[in-house]
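Written below as structure tokens is the structure these notes are about.
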Amino acid sequence: MSLDGLLFGTAGVPNSTVKKNNPVEGVKRIHELGLDCMQLEFAHGVRMKEEVSSALRKASYELGIPLTSHGPYYINLNAREQDKIDSSVERIIQTAKISDLCGAESMTFHAAFYMKDSPYDVFDLVEKSMNVIEERLSRLDIEIELRPELTGKTSQFGSLEELISLTKCVGSVKPCMDFSHLYARTGKYNTYEEMNEVLGQLKEELGANSLSNMHIHVSGISSNSKGDLKHLNLEKSKFNWKDMVRVLKDNNCSGYVISNSPNLEDDAIMLKEYYAAL
Ligand SMILES: [Zn+2]
């Protein structure tokens, strides 16, 4: 997929959708609001009737609103029990299957918790599972970008470095760049120069294509030393969203920018307008 510039959308159905539990209505609302894309949130389980996924695919295609997706929270590829690892693998595959039915080309998820293990061991386990998932999806003929999220808590697998390494190791893996989480996780990367460095690192390590096909999350955030505490609206947070948009624009980035703020579409629209005015 090649996009020209950034597309802005919401994590889930916009708040102002009349039927908030109906994702097809959500896609229509995104279109009415002048936004560009929408992320399907399977946070609490991957269930969707077949008629809903085909209606979503149709609405997405007809209105020109591409979809991304987010897997369930109950995923831990480093769980203590093997059956919990197995069901995490199943949840990722299930998310991929439904996302594919809906026509989504990129999906994100929180891959694992460290559980006080060495990050190197956790990396190996996550890599192993991602290879299994990739293999199974290819047998099912499902082509989707698997994007572990840059996570906000220091107890979660998903640092910038881990995502870069994993992308190098597994063919269908790419990072889901959550700049607000990166800030919450590290207390850094909140200036133009630092965010510009991050994009430089992606380009250098993963190639120019990593900037022309991005899946980005953004929200306001408040954090403590453990990282991500709470998602806020952008205007209520210290997160430097304006410089994030400028850096993305100055680097000619293309891809999806998904607002995870509580006010969803309000921040998505604010981001989109700021980007358009640059
Ligand atoms: Zn997430």
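Might you let me know whether the stretch 114-128 holds any residue that is within 25 Å of Asp36 (Cβ to Cβ) and either within 16 Å of the ligand (Cβ to nearest atom) or not acidic (Asp, Glu) (or both)? For the stretch 114-128, residues within 25 Å of Asp36 (Cβ to Cβ) and either within 16 Å of the ligand (Cβ to nearest atom) or not acidic (Asp, Glu) (or both): absent. One residue stands out among those in the stretch 67-84 that are assigned to a loop (DSSP other than H, G, I, E, B) and within 16 Å of the ligand (Cβ to nearest atom): the one that is most open to solvent (accessible area, probe 1.4 Å), which is Tyr74. Residues in the stretch 1-12 that are on the phi < 0 side of the Ramachandran plot and open to solvent by less than 20 Å² (accessible area, probe 1.4 Å): 5 in all. Of the residues making up the stretch 234-278, just one is open to solvent by 40 Å² or more (accessible area, probe 1.4 Å), closer than 22 Å to Val13 by Cα and not in a helix (DSSP H, G or I), namely Pro262.
Residues of the stretch 95-133 that are farther than 13 Å from Leu146 by Cβ and open to solvent by 50 Å² or more (accessible area, probe 1.4 Å): Leu101, Phe113, Met115, Lys116, Asp117, Pro119, Tyr120, Asp121, Asp124, Leu125, Lys128. Taken over the stretch 251-267, the criterion of being more than 16 Å from the ligand (Cβ to nearest atom) and either within 13 Å of Leu33 (Cβ to Cβ) or among the polar types (S, T, N, Q) (or both) is satisfied by Asn251, Asn252, Ser254, Asn263, Glu265, Asp266. Selection over the stretch 14-48 of residues that are within 16 Å of the ligand (Cβ to nearest atom), modelled with pLDDT of 95 or more and open to solvent by 20 Å² or more (accessible area, probe 1.4 Å) gives a count of 1.
Would you mind stating whether Asp86 is of a type in the set (Asp, Glu) and touching a residue at least 60 places away in the same chain (Cβ under 8 Å)? So Asp86 does not fit the description; no.
Just one of the listed residues (Asn213, Asn190) is within 18 Å of Glu145 (Cβ to Cβ) and modelled with pLDDT of 95 or more, namely Asn213. Selection of the stretch 209-233 for residues being assigned to a strand (DSSP E or B) and without any contact (Cβ under 8 Å) to a residue 12 or more places away in the chain yields Asn224, Lys230. If you go through the stretch 134-155 and keep only what is surrounded by fewer than 22 Cβ atoms within 10 Å (Cβ to Cβ) and within 16 Å of the ligand (Cβ to nearest atom), you end up with Glu145, Lys153, Thr154, Ser155.
Within the stretch 183-206, does at least one residue satisfy the condition of being outside any strand (DSSP E or B), open to solvent by 20 Å² or more (accessible area, probe 1.4 Å), within 16 Å of the ligand (Cβ to nearest atom) and not polar (S, T, N, Q)? Looking through the stretch 183-206, at least one residue is outside any strand (DSSP E or B), open to solvent by 20 Å² or more (accessible area, probe 1.4 Å), within 16 Å of the ligand (Cβ to nearest atom) and not polar (S, T, N, Q).
The values are calculated or read from the model by the stated rules, or taken from the named source; none is laboratory data. If you're wondering where the values come from, they're calculated on a predicted model, not measured in any experiment. Cβ coordinates were reconstructed from backbone atoms using ideal geometry, including for glycine residues, and neighbour counts include every protein chain displayed. SASA here: full protein model, heavy atoms, side chains in, ligands and nucleic acids out. Shrake-Rupley method; radii C 1.70, N 1.55, O 1.52, S 1.80 Å.
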